[in-house]
Number of protein chains: 4
Amino acid sequence: MAQQTINVGLVGYQFMGKAHSNAYRQVAAFFDDLELVPVMKAICGRTEEAVKAAAEKYGWEGYETSWEKLVEREDIGLIDVSTPNNMHAPVAIAAAKAGKHILCEKPLAMSVAEAKEMVQAVKEAGVVNMVCHNYRRAPAVMLAKQLIDQGELGEIYHFRGTYLQDWIVDPEFPLVWRLRKEVAGSGVHGDLNAHLIDLARFLVGEITEVVGLMETFIKERPLLEAVDERLGARAGEQRGEVTVDDAAAFLARFENGALGTFEATRFALGRKNYNRFEINGSKGSVVFNLERMNELELYLDSDPEYARGFRTIICNEAVHPYSGAYWPSGHIIGYEHTFINTVHDLLNGIAQGESPAPTFEDGLKNQAVLEAVERSVETGTWVCIGDLL
Amino acid sequence: MAQQTINVGLVGYQFMGKAHSNAYRQVAAFFDDLELVPVMKAICGRTEEAVKAAAEKYGWEGYETSWEKLVEREDIGLIDVSTPNNMHAPVAIAAAKAGKHILCEKPLAMSVAEAKEMVQAVKEAGVVNMVCHNYRRAPAVMLAKQLIDQGELGEIYHFRGTYLQDWIVDPEFPLVWRLRKEVAGSGVHGDLNAHLIDLARFLVGEITEVVGLMETFIKERPLLEAVDERLGARAGEQRGEVTVDDAAAFLARFENGALGTFEATRFALGRKNYNRFEINGSKGSVVFNLERMNELELYLDSDPEYARGFRTIICNEAVHPYSGAYWPSGHIIGYEHTFINTVHDLLNGIAQGESPAPTFEDGLKNQAVLEAVERSVETGTWVCIGDLL
Amino acid sequence: MAQQTINVGLVGYQFMGKAHSNAYRQVAAFFDDLELVPVMKAICGRTEEAVKAAAEKYGWEGYETSWEKLVEREDIGLIDVSTPNNMHAPVAIAAAKAGKHILCEKPLAMSVAEAKEMVQAVKEAGVVNMVCHNYRRAPAVMLAKQLIDQGELGEIYHFRGTYLQDWIVDPEFPLVWRLRKEVAGSGVHGDLNAHLIDLARFLVGEITEVVGLMETFIKERPLLEAVDERLGARAGEQRGEVTVDDAAAFLARFENGALGTFEATRFALGRKNYNRFEINGSKGSVVFNLERMNELELYLDSDPEYARGFRTIICNEAVHPYSGAYWPSGHIIGYEHTFINTVHDLLNGIAQGESPAPTFEDGLKNQAVLEAVERSVETGTWVCIGDLL
Amino acid sequence: MAQQTINVGLVGYQFMGKAHSNAYRQVAAFFDDLELVPVMKAICGRTEEAVKAAAEKYGWEGYETSWEKLVEREDIGLIDVSTPNNMHAPVAIAAAKAGKHILCEKPLAMSVAEAKEMVQAVKEAGVVNMVCHNYRRAPAVMLAKQLIDQGELGEIYHFRGTYLQDWIVDPEFPLVWRLRKEVAGSGVHGDLNAHLIDLARFLVGEITEVVGLMETFIKERPLLEAVDERLGARAGEQRGEVTVDDAAAFLARFENGALGTFEATRFALGRKNYNRFEINGSKGSVVFNLERMNELELYLDSDPEYARGFRTIICNEAVHPYSGAYWPSGHIIGYEHTFINTVHDLLNGIAQGESPAPTFEDGLKNQAVLEAVERSVETGTWVCIGDLL
């Protein structure tokens, strides 16, 4: 039986380019139920030498140095936007107009206004669209979703999310693009809170209002000289202003009555990729921490009173979401597999003509929460998400 | 060498009465450097049969059924106020006027106004005064304080406090005094956030402004029929309104530029007494969780790059604060020992004529933060602590 | 209602003397169902100044400097033997002959032969007798026992016990009595493996055969100059031979077909009081670690396949063994409470005329396992426990 | 610059076949310093339909149904032996004779005799040879090795290894090849203890003598009907005898004076892939657990006394072994990456003409320990490893 294929064009070849490339390279080797096999046609970046090397290293048939050209290529069916944030809208909108399906890195856009344009573009084009909030597709997170949907946690009272990192605590760490507002839009807020918001919306529901605070601890840093695919960066001699937030926290209320606390920072020494959430419901609680992403902690009030406690579920069993595709019990997977799972669902979505969540519409709602927090920081008051949509 | 003694009168004989009694009974058996030995003179409560039984069980020489009488007794040198919150001010002010030294349970008062009166009373009387924020005196917390004071964490960026419990998730749990505003003043806010605020002020410094949210998930509960010293409660048949908060969260800014997030709830299933804080500084981080109160987690950026990680210090070594008084290495202590440590410092404070922190002045500042959050909930905006003092 | 009382005489005033004193002082203040209230009559030790100070500090009415005299005192009903190991037999046998009930520290004796004499003495005298294996009475351990007795773990396949400490890794730590064979009988073997064996016998059943190994890493140490109640020790200038084992491990088979591995050492840096066991059965597993003694980890195969994992039960609920006597949910207890629980059961045992397990008979069986391991080390072969009884 | 390549032929297409295929497919996409790029030429298995599907799924250019033919193919430079154990020797010896470099799954052989033949074959042929003990190459394990080699743990006193799984606790789990002596050689002993022995030899040194025990809890099981790459198995209706051990434990002495305890079982409910070791030295300790394979716990006695504790190092920093090839800080890797690291070192070894450890010689020494334990089980006494070599 010959398998259907789709040609993929990927824009971006650094950290996210590497992660997405890996997903396309690996997905068919793990998933037996893949309905559409990706062909790694071309990777795209501005610097020819670098993008050519990336193409070779990551297994792409060819490369492009102009995203406009890539987007126009007739043979390409799926455009993957793994650029810095300021390029999401231009590339995605052009891709939509060219009738390509789209996977776009998060946060979807630089603003709600931009996100709205992107949503309109994909709607008009009728293309499959998805935002790459890959952490939804960690098996442990998907298990949490199943538990909540089955009602095992009961009515949800609390979402408690923190996303903590420490890679810029050193004031001499240079001004990479993630620290420049014109490229990144915001700092930890769009980078990390966007993930928390996606998880909260996925697991608990829509957020209705927020109040927040943001801070930049280190106001000036050395300019950047070079960066690698692991986010390693080399500092130059001149200095420039840090124009984004180092830390951003907010309180939230959900449509269903739950309360939320959100905090993201790159100034939490010892926290490497500590994307942790805890959800408390009327019947139970779950805890997830990306640094131990194979595990879900679950507390059930229905256990006998003498035997209640948080249990640590190692989510590598065949019964766990996605895990049947990988290794036996207790043989853990890693960060990169969340992208493989995402791409798996995207490809099957394309085969079935349906955009898998989170769609651009979800990306827009996420963006509205992000922007509402920013507005709250300016006004010092609570802001309703509805006012931005 | 005959030891100096002081006669103690304790008001309250339930949960806190039991914990404080234990502290007075035990302190001299552990601490060799105790300068003033407590004599457990009288315990006081309204119900004679119950208070008489408590006196016998907990080792008091006698009992009283009128706190006014206890406070006036010539032989009493120290009044311990372990009543529900609405009695703190009347008892403490009367005790001060009678020239007694005072240990008062937290939160100090029902309001900033009341707290101010109490501060004035002890100042005028010149008596030693202390608020029983016992968790400061867990060895692990005191070690965190030492590390911060020595500069080992550097400049502090973040305080992240959560105090989570689950004992009222069941809507049939009855309306104990802690759920009635006229007795408790507030719900988790004054009960649990007060602890977090004390820890934050102790470890990080003064809070300048806050914005918060409060929620009561269960609006009505059965009236209470009976309660025991372990907080076990029996429900009656009639129902009444819950007049306090079930959950309360707030964002804060500290004087020194640090950011704070605070959250307290009694609706986090699986969290029994999860008083947890994490502090991130420019050189390191610490984490404490009361459920594992013998342990402090410490991350130091000065470790060799390949060997950095949170280390779990079991704080039972002779070099750790208070621990020299107890058991050998790794032979852990429990909740009750935080009270013994508190009473130890209080007694030595009395011997030396100095009020150990947290004093009533500290209690007032704590109260101001609590009240600022309440005001923020009403106005929907940030509130400066300074405006309340 | 006047309560029945019993006068207690305690031999030994150092580490164990302190722990046992605490238990007698505290038991009536926590347990409402205590049938016999201890009166702390006299503590006994050879050095008058020290024992007098201990009496005062720990709350004893008086003291003795001759155990023979204490044992003969008409007013004493219960003799507590908290001496170094070589004095267990003489004191306990004399106490039995004097018709006193007896609590004896572990290991019961210096040898199986001695243990047999002790068993015979208490049998002949008809006195209540108990060995102080206090860890049985940690709530978490007692919960494990209940789960096993209820069949929740099914048929037991494995007992995996390690008792690791690190207080003598420093070669300059002096030759305390625990390192001298003539006083201690053996090293970690009798000190720590005795605890593991007791737990294994309690939870899994009788051991039938063993094969083992023992080692002394540091052959010579400074002589001891002084020691305190926390095991702190000061070294002298002369050196002496270490005559006991620093580490001892053995494999075992149980009567019911289970396999056992046991290991004790004082050379495991970082392990302070790491008395850990894991039991695997056909339906579930449990794990206990004394350093987190309030917790029991439980895995149940009967959980839904997607929700299986080790749950951490914080054993401070009113439904947990002994815990109803102490503090509310999540307010943990410590090392000393295991002694309070032990003394509680002993006193009620005396009131009811029954020796609570572990009795001297249990102590003898424990001793037989210890000695079988020693014999195995000599012969290099498996040794049947039955051959020693 | 054109890169050197080597053609690979892989024998076996189930669990190990999948893992090894993945390693060859991925190694060049991660490692920039790879000196020899593998070309996935052919995979080999007896059932054509299945091996053809595997070739396609895992990315092999072609397939063979006869290993003899594969081994003789002129174009193949490296033979990877991922068969059941009884085929290791025939395939590897034939491959050596054909002048191919060899990677062989563990345990190397069915017996010491067989292992000796294999060692001789590769020596005579002068081919690069390696045993696939992939866990050595978890970054955390390699870090432990570095720490030990740098002397950071001091003199080693203890190795404490347990490898626990639970996939055959159900008596209805069928008789897969790993439960049949004629195919597997032994049960958990060769499967899991072989891993522990390799880690022990790697980290601590040579083992000199052992005493052990083995047990088969379930003597009879349903025959096997089908199995998948994740070890999922379907039972048939007839039953057969289990001819290997379900559990195997032993005590050991190392050449350098350290003591070892080893235990492997498939009857530890809740333990999925719990390959855990703890090493205690005179200056520090390390702990590794494969279920959290990105982490190494480290205790250093050189830390200030008040700040000592096990630190959890997340070994994903660029400074950690192999980790620079993967993802940023805290973005964890999984089980499969240990094979990628292994294959990386193998390929560079071939390029440099050196066999990376563990070589077949190491495999032989490992086999000698395995066999010594088996002999000890027969004789009931200690057995010297030297007697088997």
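Taken together, the values in this text are just the output of simple stated rules run on the coordinates, not laboratory data. Treat the numbers as computed from the prediction; the structure is a model and nothing was measured. For neighbour counting, all protein chains shown are included, and Cβ atoms are generated from backbone atoms with ideal geometry for every residue, glycine included.
Label sites at C:Lys123 and A:Arg239, each approximated as a point 7 angstrom past Cα along Cα to Cβ, lie 8.6 nm apart.
Working value for region C:5-134: equivalent-ellipsoid semi-axes of 22, 17, 14 Å, each the square root of 5 times a Cα gyration tensor eigenvalue, largest first.
How far is it, in nm, from the label point at C:Lys219 to the one at D:Val227 when both lie 7 Å from their Cα along the line to the Cβ? Here the answer is 5.1 nm between the modelled labels. Among beta bridges from DSSP that stay inside the protein assembly as shown, the antiparallel ones total about 60%. Extents of region C:262-344, taken as max minus min of Cα coordinates on every principal axis and listed largest first, are 40, 37, 20 Å.
Taking every DSSP helix (H) stretch of at least 4 residues in chain D, weighting each as -39,500 (n - 2.57) and dividing the sum by the residue count yields a mean residue ellipticity at 222 nm of -9500 deg cm²/dmol.
Counting only other chains, what is the mean number of Cβ atoms within 10 angstrom of the Cβ of each residue in peptide C:158-165?
Mean partner shielding for this stretch: 4.
Taking a Cβ cut-off of under 10 Å around B:Arg271, the surrounding Lys, Arg, Asp and Glu residues balance to a net charge of 0, with basic ones at +1 and acidic ones at -1. Relative to one another, the C-alpha centroids of region D:317-389 and region B:44-60 are positioned 68 Å apart.
Just counting partner chain Cβ atoms within 10 Å, what average do the residues of peptide B:293-302 show around their Cβ?
Neighbouring Cβ atoms belonging to other protein chains average 5 per residue here.
If you run the Gaussian network model on chain B, springs between alpha carbon atoms under 10 Å, then out of B:Pro90, B:Pro38, B:Pro304 the most flexible one is B:Pro304. Couplings 3J(HN,Hα) for region D:77-83, derived from phi with the Karplus relation 6.51 cos²θ - 1.76 cosθ + 1.60 (θ = phi - 60°), are x, 9, 9, 10, 9, 10, 8 Hz, where x marks Gly and Pro. In terms of its Cα atoms, region A:242-389 spans 51, 49, 35 Å along the principal axes, sorted from long to short.
Is there a pair in B:Lys181/B:Lys272; C:Lys106/C:Lys283; B:Lys18/B:Lys52; D:Lys52/D:Lys100; B:Lys106/B:Lys145; A:Lys18/A:Lys52 whose C-alpha atoms are over 25 Å apart, and which pairs would that be?
Exceeds cut-off: C:Lys106/C:Lys283.
For chain B, the normalised intensity computed at q = 0.10 Å⁻¹ comes to -0.65 (log10 of I(q)/I(0), Debye sum over alpha carbons, equal scatterers, no solvent). For region A:85-229, the direction-averaged projected area of the alpha-carbon convex hull comes to 11.2 nm². Taking amide H positions as modeled 1.01 Å from N, with prolines and chain starts lacking one, the residues under 5 Å from B:Leu269 and 5 or more places away or on another chain are A:Gly281. With contacts taken as Cα pairs under 8 Å at a separation of at least 6 residues, region B:5-134 carries a relative contact order of 23 percent. The distance from the alpha carbon centre of region C:162-215 to that of region B:215-235 is 49 Å, rounded to a whole number. Applying a DSSP loop filter and a limit of 14 other Cβ atoms within 10 Å to the trypsin sites (Lys or Arg not before Pro) in region B:214-318 leaves B:Lys219.
Treating each Cα of region C:196-328 as one equal point scatterer and applying the Debye formula with no solvent, the log10 of I(q)/I(0) at q = 0.14, 0.16 Å⁻¹ comes out as -0.90, -1.05. A compact globular protein would have a Cα radius of gyration near 2.2 N^0.38 Å; the ratio found for the protein assembly as shown is 0.94.
Modelled label positions at D:Arg46 and B:Asn348, each set 7 Å beyond Cα in the direction of Cβ, lie 7.8 nm from each other.
Near B:Thr208, the amide H atoms lying under 5 Å from its own belong to B:Arg253, B:Phe254, B:Glu255; only residues 5 or more places off or on other chains count, and H is placed 1.01 Å from N. Near B:Val39, once Lys and Arg are set to +1 and Asp and Glu to -1 for all other residues with Cβ below 10 Å from its Cβ, the sum equals -1.
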